[in-house]
Every structure is written in C-alpha cells, then in structure tokens.
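**Q** Pasting a structure below so you can have a look.
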Amino acid sequence: MPETSPKGLTRLAFGGDYNPEQWPESVWQEDVRLMREAGVTMVSAGIFSWALLEPSPGVYDFGWLDRLLDLLHENGIRVDLGTPTVVPPVWFYRAHPDALPVTAEGMRHEFGSRGAICHSNADYRAAAANITTKLAERYGAHPALAMWHVHNEYGVPVSACYCDSCAAHFRRWLASTYGTVDAVNEAWGTAFWGQRYGGFEDINPPRLSPTVGNPAQALDYKRFADATMRENFVMERDILHRLAPGIPVTTNFMTALSQCDSVDYWAWGREVDIVTNDHYLITDGRRTHVNLAMAADLTRSVAGGAPWILLEHSTSGVNWQPRNPAKAPGQMARNSLAHVARGSEGAMFFQWRQSRRGAEKFHSSMLPHGGTHTRVWREVVELGASLDSLSTIRGTRTEADVAVLWDWHSWWAQSLDWRPSEDHDARERADAFYETLYDRHLTVDFAHPEADLSRYPLVVVPALYLMTEAAGTNVREYVENGGTLVVSYFSGIVDEHDAVHEGAYPGPLRDVLGLTVEEFSPLLKDQSVRLTGADGSELSGDVWTEFVVPRGAETVWTYADGLTAGHPAVTRHRFGQGSAWYVSTRLGAEGLDALLGWATDDAGITPRADLPRDVEVVRRTGESGTYLFAINHTGSDAKVPLEASGTELLTGERAAGRLEIPAGAVRVVRLDG
Ligand code: GLA
Ligand code: ZN
C-alpha cells in the first residue's frame with residue numbers, strides 16, 4: 001500500500017509553489033527565514049525546472065536543487081517535489097518537433113509557453129521517464145522529500161492533440177476498447193451519413209470537418225485523450241513508487257468545473273496516492289464562496305471522502321481573468337479554511353514569492369512585490385498561525401448530508417454540437433442545484449452515477465444526459481429501497497456511446513420517475529413560462545420545457561402557458577419505499593428552493609432555518625473528535641447554535657450555546673465529548 005499522506009508532515013500543509021530558480025541564491029536565505037516566520041510547513045518545488053536540471057541532452061545539473069532541498073530540510077520545511085515534465089527544454093523540441101501538439105485545425109503549437117505536449121509522442125514519454133528516473137534516484141531518500149508532484153494540471157492548457165502519433169494511438173486505443181472495427185461502427189452509428197469504416201487504419205481523430213462530425217467519435221476522443229494523459233501519469237508514478245518507496249505521489253487536479261473540463265477526475269482519483277487540488281475564484285459576479293465550496297466537495301468526493309490537500313489557491317487576485325480584483329481583507333483566510341472544512345489537510349498557494357518577470361508577475365503571492373510591509377503578508381502570517389492551531393483535525397473527515405450525481409463523460413457528451421438548445425448547460429444546472437443545497441446548509445458529496453448511494457437520504461441529479469443502464473438500475477434500486485431522488489430535465493437520454501436509449505425518454509429513468517417525455521421544447525432566448533402549483537402559487541421556468549406524460553407520477557406543478565401548457569412541469573412518483581421528483585424546465589433559485597424543500601421533507605432532512613444565509617457550517621469528524629467550522633461570509637456578526645460546548649481553536653476560547661462569529665470571520669470549535 002503506498003503512503004497516503006505527505007511523509008514527515010506533522011502539521012497541516014501550509015506554503016506554496018516555490019520557484020527559487022527565478023532568484024539569485026542569496027535570496028533563498030531570506031525566503032526560508034520568512035517561511036519560518038509565516039509558519040510554512042511544505043513547499044512545492046521543481047515543477048518547471050527541467051531546462052535547468054538537464055540543460056542539454058543527458059547533461060544534468062542537480063547542484064542547485066541539492067542545495068535547495070538541504071536548506072529547506074535544515075529549516076524543517078517539507079518538500080512536494082515536482083517532476084518537471086510539463087515543460088520539456090527547448091533542445092528536446094528542436095530534436096523532436098513532432099512532440100509539439102497539433103490542434104484539430106492542423107496547427108502545430110510552438111515552444112515558449114508551457115504544457116505544449118503531445119501525450120502520445122514516444123520521444124516525450126522516453127524523456128519524461130528519464131528525468132523522472134533521475135530525480136527519483138537522486139532525491140527518493142532525501143530527508144526533505146514529503147511527496148511527489150507529477151507534472152502540472154494535466155488537461156490544461158492543451159486538452160487533446162490531433163497529430164499523426166495521436167491518430168495511431170487512438171486506433172490502438174479503439175482496437176483494445178472495441179476489439180473489431182465492426183464494433184466501432186456499431187457503437188458510433190456510422191450507418192448515419194455514410195461514415196462506415198472498413199478498417200482501423202481508416203480512422204482519424206475528429207479533425208476539422210465541414211460540419212458536425214460523429215458525436216460518438218468525438219466523445220471517444222475525449223475519453224482517449226484523458227486516458228492517454230493518465231497513461232503518462234501512471235508511467236511516472238510507477239517509476240517513483242519503484243525508486244522511492246514510501247513517498248506518496250500526486251498530481252494537482254483542477255476539479256472546479258469552470259477550470260478544467262477535459263479530465264475525468266473519477267478515474268484520476270483512483271490513480272493518485274493523495275488527491276490534491278488547485279482552486280481559483282472565478283470573479284464573474286457570482287458568489288465565489290459557493291463555487292469554492294462546490295469545488296472542495298467535488299475534490300473530496302473524487303478522493304472517496306479521504307483527506308486531500310489544497311495545493312494551490314491565491315492569496316489575492318490572479319492575473320488570467322479579464323478583471324482580477326484583489327481579495328478583501330479576511331477573504332484569503334475564509335477561502336483557505338473553507339477548503340479545510342471540506343476535507344483539505346491544509347492550504348497552499350501559487351506562489352511563495354511573486355515573480356518579477358514572466359507571464360505571472362501580476363499574480364498575487366504569499367510574499368508580494370511589496371514585501372513584508374503589506375496586508376497580504378500580514379494575513380499570510382496570521383493564516384499560518386491559524387492553521388497551526390488546527391493541527392489535530394488531520395485525518396478527520398467531512399460529514400455530508402446529500403449526494404449530487406456527477407459524471408464528466410455525461411458532461412462531455414452533453415456539450416457536443418447539435419443539441420436541442422445551446423442554452424442548456426449541464427454545468428449551470430449542477431451549479432444551480434448545488435447553490436440551492438448550499439443555501440439550505442446541506443453539505444454535498446458528489447457521486448458517480450454507478451456508485452453506492454444507500455447512505456444518502458437525498459440524491460440530486462442536476463443534468464445527467466448520458467446514463468448507462470447500470471446507472472439507471474442504480475438509482476432505481478436506491479429509490480426502491482427508500483431513497484429520495486430529484487432529477488432535472490434532459491437526463492437519462494443517451495447511453496455511453498451517445499446513442500438514444502430505446503423507447504420513450506428518459507430510457508433508464510422512465511419507471512422510477514413514473515413518466516415519459518414525448519418531446520423536448522426548448523424556449524427561445526429571453527422566453528419564459530409560468531408554472532402553477534395545486535395551491536395556486538406561481539413560479540417561472542426558462543430555457544427548456546417538455547411534453548411530460550405521467551405514467552404513475554403525480555403532477556405537482558403544471559405549465560400555465562407556452563406550448564406545453566397543461567402538461568406537468570414538476571412531478572413526484574412514489575416508487576418502492578422512496579420517492580422520485582422530476583422537473584422538466586429550468587427553475588430559478590426560488591423554484592429550486594421550493595422543489596428541494598419538498599424533496600428534503602420526503603427525505604426526512606430537518607431544515608436548518610436557524611442558520612443565517614452565507615454563514616457556512618460544516619463538520620469534520622474522526623478519532624480526534626468532532627470539529628464544527630463556521631465561516632461568516634457576510635458583513636454582519638452572526639450566531640450559530642452549538643449542539644455541545646467546546647473549545648474554539650483559533651481564539652482558544654470556550655464556546656457554548658450560541659457561537660458568535662464576527663463579520664467575515666471563521667470559528668472552529670472542537671466539540672467536547
Ligand atoms: C495554475 C498553475 C500555476 C499557476 C496558477 C496561476 O494553477 O498550476 O502554475 O499558473 O495556475 O493561477
Ligand atoms: Zn499528438
């Protein structure tokens with residue numbers, strides 16, 4: 001069994017990406033002095049250092065990294081050591097120009113940025129294996145080494161390559177997945193538009209084409225590209241396991257749905273020893289703390305509920321969005337501790353010292369251009385102390401109340417061209433349902449559609465266009481056995497090959513929902529429909545409507561106007577010991593809240609009306625006790641009831657009855673008992 005926590009790390013992880021090669025070595029002394037002042041426990045180093053470590057083919061310069069690791073070790077700072085395989089040196093590309101990836105339009109990328117990699121390229125694979133081996137041999141037993149950081153954020157900035165090596169590799173992948181070309185023809189439905197293939201050698205990646213290509217081919221190409229990156233991760237991981245036993249291996253994920261859409265993190269979660277995640281606030285006017293909570297819950301879920309580590313976030317503004325506001329005072333701590341509440345064993349940043357040169361010089365860091373006489377630095381030092389006082393939570397697990405089904409394959413399929421409406425966005429529905437659950441103070445686990453759901457009283461399916469028969473059986477059994485299910489429209493439509501399930505929509509969900517959908521009728525931009533409830537109450541929906549025919553389900557809300565007037569908009573079906581809700585239009589916040597209110601009643605979940613909006617309350621529990629996190633995202637002081645007395649760890653004060661949380665503050669109570 002590989003180790004699943006950073007070796008030798010006895011506190012929460014606190015630190016950041018450390019790129020000291022951008023500075024003269026004299027600066028390193030100041031770096032470690034300030035790291036100690038801030039309470040840094042771990043740094044990630046060497047992620048982009050291949051060109052320095054191997055300045056020409058087969059010539060290595062490890063001296064600087066030896067000195068760096070020794071210095072960090074002398075100062076008690078653990079190291080998450082990168083394999084630098086996300087940026088091969090220029091000499092490599094000049095010798096192997098075909099290792100540069102090619103777009104679907106046939107354009108080859110150039111050296112001079114980062115992440116320009118064709119993952120099928122044999123020369124790249126050999127060179128990556130070689131530098132990984134050299135690093136593992138040299139540092140596998142170094143006392144500073146806590147964890148390996150393979151590559152960087154697989155899936156961005158290039159999610160797939162369309163070159164000839166990839167074409168050949170895709171054919172091999174198809175042959176091993178399907179066995180025969182006839183099986184590919186069948187799965188892809190190539191009878192349509194005369195796309196039949198006579199042999200594997202005729203198949204190419206879905207390159208530039210006059211109009212929409214074969215959707216099943218496009219979906220398989222996404223699976224192939226993801227699997228190919230994973231092959232390279234596994235190759236490096238196995239070298240590291242072999243040469244450095246006892247050191248866990250990770251690669252930093254980006255689970256936020258808006259930040260990386262090309263990686264199936266369910267599959268990756270099974271391959272890493274520790275799940276680690278990078279998260280950046282998307283400042284698009286929405287509530288960033290909700291987006292953060294969702295990413296953290298998704299990260300914990302791909303880790304199977306086990307502790308994970310936030311490996312990167314920002315102390316303040318980033319530099320790659322159209323507008324990059326600074327974080328408000330206290331926001332960095334709220335962000336960091338919100339990740340910890342949801343299972344992270346610490347909070348790390350990109351990056352330690354702000355770069356003076358290069359593409360990221362306007363990205364905030366722990367040690368800003370302005371040095372230590374800055375608000376950011378003072379808050380960094382304060383956060384280090386806060387995290388230090390939370391050391392005993394290591395190993396505890398976040399408690400979830402409900403599950404939301406999520407599947408990257410379904411999202412990929414759903415996002416292909418020529419769907420009934422471009423306004424329907426699976427991610428938007430996932431965000432909206434999540435936000436409603438967040439506002440009801442329910443902690444969410446995400447679950448794969450085929451996972452065991454029996455421990456959840458409520459399971460929400462925001463938009464799961466692609467569902468296998470097995471997934472259908474899974475949710476059917478879940479409801480039969482007493483679960484409460486909520487399904488949003490355009491779910492259960494196609495199988496794993498993007499082929500519509502036989503019979504009426506929604507194939508594998510018809511019997512559990514007790515209805516069929518005869519036709520979709522998406523709305524035009526800015527159109528909406530009115531819905532009426534049995535009690536005369538009114539709501540509205542937009543984007544989507546459907547002609548729903550109840551076949552056992554009761555109608556709860558009805559379309560009052562539009563093409564579908566008179567048809568059910570929201571239904572409920574008692575099935576076995578449980579109940580299944582269906583909503584066939586896009587409800588706004590008010591409608592979703594009403595729907596989830598009824599469903600939580602069915603599920604026997606007690607509403608948390610005692611908790612103010614935007615005061616986040618999450619529990620971690622384990623051998624060392626139960627910890628209640630209360631994060632006040634509002635500008636006013638708030639109170640949260642405590643079920644037991646305890647000790648507030650950030651202030652050291654005793655807490656009982658009602659816990660006071662000043663505006664913008666965080667409190668963590670270790671409950672007695
Ligand atoms: C990513 C990368 C880092 C850095 C940050 C900036 O997470 O891993 O190297 O570019 O983004 O936000
Ligand atoms: Zn390629």
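**Q** What accessible area per residue comes out for the stretch 508-563, rounded to a whole number of Å², with a 1.4 Å probe?
**A** Result: 48 Å² of accessible area for each residue.
**Q** Could you give each residue of the stretch 390-405 its phi-based ³J(HN,Hα) in whole Hz, using Karplus coefficients 6.51, -1.76, 1.60 with θ = phi - 60°, and x for Gly or Pro?
**A** 9, 3, 6, 6, 3, x, 7, 10, 6, 8, 9, 9, 9, 10, 10, 7
**Q** At residue 613 and residue 656, where each label point lies 7 Å from the Cα along Cα→Cβ, what is the point-to-point distance in nanometres?
**A** The two pseudo-label positions are separated by 3.4 nm.
**Q** Something else about it: Only Cα pairs under 8 Å and at least 6 apart count here; give the relative contact order of the stretch 251-375 as a rounded whole percent. Intermediate results must be reported in sequence, preceding the final value.
**A** Numbers: 204 pairs, mean separation 28.0, N = 125.
22 percent.
**Q** Also: Using +1 at the Cβ of each Lys and Arg and -1 at the Cβ of each Asp and Glu in the stretch 528-578, identify which of 553, 569, 531 lies farthest towards the dipole's positive end.
**A** Going by the Cα projections, it comes out as 553.
**Q** In whole Hz, what ³J(HN,Hα) sequence does the stretch 166-177 give by Karplus (6.51, -1.76, 1.60; θ = phi - 60°), x for Gly and Pro?
**A** 5, 4, 5, 5, 4, 4, 5, 5, 5, 4, 6, 7
**Q** Obtain the nm distance between the two label points defined at residue 321 and residue 126 by a simple spin-label model: each point lies 7 Å from its Cα along the Cα-to-C-beta direction.
**A** Placing both labels 7 Å beyond Cα along the Cβ direction yields 4.5 nm.
**Q** Can you give me the P(r) profile for the stretch 296-420? Cα pairs, bins 5 angstrom wide beginning at 0, each as a whole percent.
**A** Spelled out bin by bin, the stretch 296-420 gives 2, 10, 17, 17, 14, 14, 12, 8, 4, 2, 1, 0 percent.
**Q** Could you tell me the extents of the chain's C-alpha atoms along the three principal axes, largest first, rounded to whole Å?
**A** Its Cα atoms span 76, 73, 44 Å along the three principal axes.
**Q** Would you tally the net charge around residue 639, using a Cβ to Cβ cut-off of less than 13 Å, leaving residue 639 out, and scoring K and R as +1, D and E as -1? If you can, show how the numbers build up before the last one.
**A** Working: positive: 658, 667; negative: 610, 637, 660.
Once positives and negatives cancel, what remains is -1.
**Q** Can you tell me the dipole magnitude for the chain around its Cα centre, using point charges on the Cβ only (Lys, Arg +1; Asp, Glu -1), in Debye to the nearest 20? Please list the in-between numbers first.
**A** Details: 59 positive and 87 negative charges, 322 e Å.
About 1540 debye.
**Q** Kindly report the accessible area of the stretch 368-442 per residue (heavy atoms of protein chains, probe 1.4 Å, no ligands, DNA or RNA), in Å². Write out the running numbers ahead of the final one.
**A** Details: 2970 Å² over 75 residues.
In whole numbers, the stretch 368-442 has 40 Å² accessible per residue.
**Q** Determine, from the Cβ-Cβ distance of residue 532 and residue 29 and an R0 of 60 Å, the FRET efficiency 1/(1 + (r/R0)^6), rounded to the nearest 0.05. Write out the running numbers ahead of the final one.
**A** Numbers: r = 72 Å, r/R0 = 1.19.
For residue 532 and residue 29, the calculated efficiency is 0.25.
**Q** Here is a follow-up. What is the percent carbon and sulfur in the accessible area of the chain, measuring with a 1.4 Å probe over the protein chains and ignoring ligands?
**A** Accessible surface attributable to carbon and sulfur in the chain totals 49 percent.
**Q** Still on this structure, I have one more. Helix-only estimate, please: 222 nm mean residue ellipticity of the chain, summing -39500 (n - 2.57) across DSSP H runs of length 4 or more and dividing by its residues, to the nearest 500. Numbers along the way, then the final one.
**A** Details: 17 runs with 204 residues, N = 673.
After summing the helix terms and dividing by the residues of the chain, the value is -9500 deg cm²/dmol.
**Q** Report the charge-dipole magnitude of the stretch 55-144 in Debye, nearest 20, computed about the Cα centre from +1 at each Lys and Arg Cβ and -1 at each Asp and Glu Cβ.
**A** Value, rounded to 20: 80 debye.
**Q** Could you sort 173-183, 558-568 so that the peptide with the highest average Cβ count within 10 Å comes first and the rest follow in order?
**A** 558-568, 173-183
**Q** Quick one: 3J(HN,Hα) in Hz for the stretch 624-637, Karplus 6.51/-1.76/1.60 with θ = phi - 60°, rounded, Gly and Pro as x.
**A** Per-residue couplings from phi come out as 7, x, 10, 10, 9, 9, 10, 10, 9, 8, 9, x, 10, 5 Hz.
**Q** If I stretch the segment between residue 67 and residue 3 completely, what's the gain in nm (0.36 nm per residue apart, minus their alpha carbon distance), one decimal?
**A** 20.4 nm
**Q** Would you please put 155-166, 329-340 in order of how densely packed they are, using the mean number of other Cβ atoms within 10 angstrom per residue and starting with the highest?
**A** 329-340, 155-166
**Q** Which residues among the stretch 323-344 fall inside the zone where the amide N is under 15 Å from a point 7 Å beyond the Cα of residue 663, along Cα→Cβ?
**A** 328-331
**Q** Next question. What residues qualify as long-range amide H neighbours of residue 44, i.e. H under 5 Å apart, gap of 5 or more or another chain, H built at 1.01 Å from N?
**A** HN-HN under 5 Å from residue 44: 16, 17, 18, 80.
**Q** Something else now. Between residue 418 and residue 36, what length in nm is gained on full extension when 0.36 nm per residue of separation is reduced by their alpha carbon distance?
**A** Fully extending the segment from residue 418 to residue 36 adds 131.9 nm.
**Q** A further question on this structure: Write out the GluC sites (Glu not before Pro) in the stretch 457-531 meeting two conditions: DSSP loop, and at most 10 other Cβ atoms within 10 Å of their Cβ. Can you show the working numbers first?
**A** Details: sites: 469, 477, 480, 496, 502, 518, 519; in loops: 496, 502.
Passing both the DSSP loop test and the Cβ count: 502.
**Q** Suppose we keep just the alpha-carbon trace of the stretch 411-545; what are its Rg and Dmax in angstrom?
**A** 15.3, 43
**Q** For residue 369 and residue 159, compute 0.36 nm times the residue count separating them, minus their Cα-Cα distance, and round to one decimal in nm.
**A** 72.3 nm
**Q** With r as the distance between the Cβ atoms of residue 56 and residue 287 and R0 = 41 Å, compute the FRET efficiency 1/(1 + (r/R0)^6) and round to 0.05. Show your work: numbers first, answer last.
**A** On the way: r = 51 Å, r/R0 = 1.24.
For R0 = 41 Å, the calculated efficiency reads 0.20.
**Q** Normalised by the number of residues in the chain, what is the relative contact order in percent for Cα pairs under 8 Å and 6+ residues apart?
**A** 10 percent
**Q** Let me have the relative contact order for the stretch 30-78, percent, based on Cα pairs under 8 Å that are six or more residues apart.
**A** Averaging sequence separation for qualifying contacts and normalising by length gives 51 percent for the stretch 30-78.
**Q** As an exercise, use a Förster radius of 22 Å and the Cβ-Cβ distance of residue 451 and residue 399 to find the FRET efficiency, rounded to the nearest 0.05.
**A** Efficiency, from the Cβ-Cβ distance: 0.80.
**Q** Shifting gears a bit: May I ask you to give the solvent-accessible area per residue for the stretch 113-166, in square angstrom, as obtained with a 1.4 angstrom probe? Spell out each step's value before the answer.
**A** Working: 1680 Å² over 54 residues.
Ligands and nucleic acids excluded, the figure is 31 Å² per residue.
**Q** Taking the Cα atoms of the stretch 120-172 alone, what are Rg (to one decimal) and Dmax (as a whole number) in Å?
**A** 14.9, 44
**Q** Mind listing which chymotrypsin sites (Phe, Trp or Tyr not before Pro) in the stretch 344-382 are in a DSSP loop and have 15 or fewer other Cβ atoms within 10 Å?
**A** Qualifying residues, ordered by number: 362.
**Q** Follow-up. With a cap of 10 neighbouring Cβ atoms within 10 Å, and only residues DSSP puts in a loop, list the GluC sites (Glu not before Pro) found in the stretch 60-160.
**A** Sparse-neighbourhood loop GluC sites (Glu not before Pro): 105, 110.
**Q** Here's another thing I want to ask about it. Can you spot the aspartates and glutamates whose alpha carbon is less than 12 Å from residue 327's alpha carbon? Ignore those fewer than 8 places along the same chain.
**A** 379
**Q** To the nearest 20 debye, what charge dipole does the stretch 1-132 have about its Cα centre, counting +1 at the Cβ of each Lys and Arg and -1 at the Cβ of each Asp and Glu? Walk me through the intermediate numbers first.
**A** On the way: 10 positive and 17 negative charges, 54 e Å.
Rounded to the nearest 20 debye, it is 260 debye.
**Q** Considering the dipole of the chain built from charges on the beta carbon (Lys and Arg +1, Asp and Glu -1) around the Cα centre, which of 295, 107, 139 is farthest to its positive end?
**A** 139
**Q** Consider a paramagnetic label point 7 Å from the Cα of residue 328 along Cα→Cβ; state which residues of the stretch 599-622 have an amide N under 19 Å from it.
**A** Answer for the stretch 599-622: 612-617.
**Q** Once you place label points 7 Å from the Cα toward the Cβ at residue 637 and residue 103, how far apart are they in nm?
**A** About 5.7 nm, to one decimal.
The values are calculated or read from the model by the stated rules, or taken from the named source; none is laboratory data. Since the structure is predicted, the reported quantities are computational estimates derived from the model, not experimental observations. In this analysis, Cβ positions are derived from the backbone assuming ideal geometry, glycine residues included, and neighbour counts consider all displayed protein chains. The area values use the complete protein model at the heavy-atom level, side chains included, leaving out ligands, DNA and RNA. Shrake-Rupley method; radii C 1.70, N 1.55, O 1.52, S 1.80 Å.
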